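Take a look at the structure set out below.
The values are calculated or read from the model by the stated rules, or taken from the named source; none is laboratory data. Bear in mind that the values here come from a model prediction, so they are computed numbers and not experimental data. With ideal geometry, Cβ positions are generated from the backbone for all residues, glycine too; neighbour counts draw on all protein chains shown. Note: areas computed on protein heavy atoms with side chains; ligands, DNA, RNA excluded. Shrake-Rupley method; radii C 1.70, N 1.55, O 1.52, S 1.80 Å.
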Amino acid sequence: MPAPASRSADPPILVVTDVAARLVRRGLLTPADAAGGWRSARVIVFRSGPVVCDPPPGTRGIETRCVDLSRGRSYVSAAPMTLALYNTLTRRVEPFAPLAPPRVTLYTCGPTVWNYAHIGNFRTFLFEDLLRRYLVYSGYDVFHIMNLTDVDDRTIKAAAAAGKRLEEHTAPFVEAFFEDRDYLRITPAHVYPRATQSVPAMVRLVERLLERGVAYKGEDGSIYFAIAKFPTYGRLSRLDTRELKVGARVASDEYAKDDPRDFALWKKAEPADEQVGAAWDAPFGRGRPGWHLECSAMSLEQVEKCCRTETLDLHAGGVDLIFPHHEDEIAQSEAATGKPFARFWLHGEFLNVRGTKMSKRFGNFLTARDLRDQGVDAAAVRLLFWQTHYRKALDFTDEALAAAGAGVKRLGEFYARLGEGDGGKGDGDLATLAARFEADFRAALDDDLNAPRACAALFQLVHEGNAALDAKARGAAAARGVLDRAMTVLDVLPTAKTADTELEGWIRERIAARDKARKSKDFREADRIRAELAGRGVEIEDTPSGTKWRLV
Ligand SMILES: [Zn+2]
């Protein structure tokens, strides 16, 4: 029988991951880009997760190349456009590429330090932590700016109510924010500009807007932004411009979504502002900055200082900031610079607090320190948050937190088992499982930071990895290396607990007492001691070489 005719004249086939295939279908990525210059590729076969290089049915004889965009390559040089993010500006998932790779500039709206930040605020900060860490994991050099709003309507009101100067009132909440950040293992930003220390930049920005004729002084003495002079106003929040009330003004920092008006850039000093020390001299009159102006001025000042640009690669915050805060930031910044302010806008969804014992104490207000004081492991909080996509609302309940805590514990046990493994001699099943996990992990996070999928892959690894360890599989060291890399992003290994000498002495004494009870067949006493140990978080296990203990 003659050999089948060669089909080598057919264009070759390119097999890529599902994320890349989606981008190709939308015309955002060409097969040539995906294949690193292989221009004639014809068929895109998409697969979920890692690419398995088997040619699709009916394509035998056609040259096939498999490309795993998510694996083992430097994102910037070899596999551009791997990461795709949902951009609120375009309402689409788009391939992310920074203006000047490998540098990525990231601005995130920080806390208003009138009080403790609540756990809903920290959901936003944690989503931003995931973004930042994954950018770093992907090979980028991130410069992260987070402001601290230490002067606005709320801080002034709170300081006045407490009978304190502004600085005196906000300082402890700034400290508390940093403590809570560290508890939750959030990577510190590179700079934390404070509004009260950035007033000269705010004054300069107002002057620029006055010179350009997009700002004016109202009869109340405050300076306003004229939204009618900025034709693209409403682009981010998709406001119908016909709703704009030309000439109508709003002085407060926060206002209704359906009421776009000229907003205050600089508020004339009132006696209440002077009383708490929240007023500064300016060429256009003594006063204080509006909240929206603060973020524009601080981000532009810092991004210019670090990176000689007036355009941010990424700007992130909670969904509640889209209007008016971020809309106003765009208007102020772009009207002043004439350049795009931020290329990607990312927004995290809300957190609902329901039925938790801790929140009941404060109505619906739950802080990070409440969790810390209750002995909640930050790893459990992180895992709980990763298990819901950042663009979906999350219900925070005691049950969900407990389940995440159990997950963290399982992960920690698996990680410890890997450490007792084969010491890295050769490859084995574990190495294979871990390599597959790593590909799944990257594909998930490349797809608009799909952390729930990344976590599902993680627990699949724990499940299959435990079975492989039971079967004495090799490759534990390689698997541990993969897990270590993934943990630079998720950071959900349990917090190591250490016993002080006093506790350790007590544990030894109790275990000895239990051994004595068991030897004299007093099992009731032995059980009582076991329960006593458990009450202080000590878990014991009887082994042929004696009783082992650990803190849980
Ligand atoms: Zn802001």
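Give a quick list of trypsin sites (Lys or Arg not before Pro) in the stretch 256-358 that DSSP marks as loop, anything other than H, G, I, E or B, with at most 13 other Cβ atoms within 10 Å.
Values: sites: 257, 261, 267, 268, 286, 305, 308, 343, 354, 357; in loops: 257, 261, 286, 308, 354.
Sparse-neighbourhood loop trypsin sites (Lys or Arg not before Pro): 257, 308, 354.
Taking H placed 1.01 Å from N in the peptide plane, check which residues at least 5 places from residue 266 or on another chain put their amide H under 5 Å from its amide H.
Close amide H contacts, sequence-distant or interchain: 223, 290.
Amide H neighbours of residue 104 under 5 Å, counting only residues 5+ apart in sequence or on other chains, H built in-plane at 1.01 Å?
Those qualifying (amide H under 5 Å, at least 5 residues apart or on another chain) are 141, 142, 143.
Of 328, 515, 395, which has the most accessible area and how do the rest follow, probe 1.4 Å? Walk me through the numbers before you get to the answer.
Numbers: 328 0, 515 50, 395 70 Å².
From most exposed to least exposed: 395, 515, 328.
Give the Cα extents of the stretch 172-246 along the principal axes, in whole Å, largest first.
In descending order, the Cα extents are 47, 30, 23 Å.
Between residue 168 and residue 532, how high is the FRET efficiency from 1/(1 + (r/R0)^6) when r is the Cβ-Cβ distance and R₀ = 45 Å? Nearest 0.05.
0.45
Once amide H atoms are built 1.01 Å from N in the peptide plane, which residues 5 or more positions from residue 344, or in another chain, come under 5 Å H to H?
Residues meeting the amide H criterion: 314, 315.
Output ³J(HN,Hα) for the stretch 473-490: one whole-Hz value per residue in order, computed from phi by the Karplus curve 6.51 cos²θ - 1.76 cosθ + 1.60 with θ = phi - 60°, and x for Gly and Pro.
Going residue by residue, I get 5, 9, x, 4, 5, 5, 5, 5, x, 4, 5, 4, 5, 5, 6, 5, 9, 6 Hz, with x marking Gly and Pro.
State whether the stretch 70-219 is rounded, prolate or oblate according to the following rule on the C-alpha gyration tensor (a ≥ b ≥ c being the square roots of its eigenvalues): a/c under 1.5 gives rounded; otherwise a/b larger than b/c gives prolate, and the remaining case gives oblate.
Note, shape of the stretch 70-219 comes out oblate.
Which whole-Hz ³J(HN,Hα) couplings does the stretch 260-267 yield from phi under the Karplus relation 6.51 cos²θ - 1.76 cosθ + 1.60, θ = phi - 60°, glycine and proline marked x?
x, 9, 4, 10, 6, 8, 9, 9
May I ask for the distance between the Cα centers of the stretch 382-418 and the stretch 451-495, given as a whole number of Å?
A separation of 14 Å, based on Cα centres.
Per residue of the stretch 224-239, what does 6.51 cos²θ - 1.76 cosθ + 1.60 with θ = phi - 60° give for ³J(HN,Hα)? Whole Hz please, x for Gly and Pro, Karplus curve as stated.
Listing the rounded values in order: 10, 8, 8, 5, 5, 8, 10, x, 8, 4, x, 5, 5, 8, 6, 6 Hz.
Principal axis extents for the stretch 230-349, Cα atoms only, whole Å, descending order, please.
That works out to 40, 38, 29 Å along the principal axes.
Keeping every protein chain in place, order 253, 182 by accessible area at 1.4 Å, biggest value first, i.e. largest first. Each step should come with its number before you reach the end.
On the way: 253 5, 182 85 Å².
Greatest to least solvent exposure: 182, 253.
Indicate the gyration tensor shape class of the stretch 275-332 (rounded, prolate or oblate), computed on the Cα atoms with a ≥ b ≥ c the square roots of the eigenvalues: a/c under 1.5 is rounded; otherwise a/b larger than b/c is prolate and the rest oblate.
oblate
Take the Cα atoms of the stretch 463-552, build their convex hull, and give its volume per residue in Å³.
Details: hull volume 13.7 nm³, N = 90.
That works out to 152 Å³ per residue.
Please compute the Cα-Cα pair-distance distribution of the stretch 364-489 with 5 Å bins starting at 0, giving whole percents from short to long.
Bin by bin from 0 Å, the calculated values are 2, 11, 19, 21, 17, 13, 9, 5, 2, 1, 0.
Within straight cross-link reach of residue 157, meaning Cα distance under 17 Å, which aspartates and glutamates are found once same-chain residues fewer than 8 apart are removed?
Straight-line reach from residue 157, under 17 Å: 167, 168, 253, 254, 270, 273, 274.
Hey, which of these cross-link pairs are over 24 Å Cα-Cα: 268/339; 164/267; 164/305; 229/268; 472/516; 267/339? Walk me through the numbers before you get to the answer.
Details: 268/339 29 Å; 164/267 21 Å; 164/305 34 Å; 229/268 22 Å; 472/516 36 Å; 267/339 26 Å.
Table pairs above 24 Å Cα-Cα are 268/339; 164/305; 472/516; 267/339.
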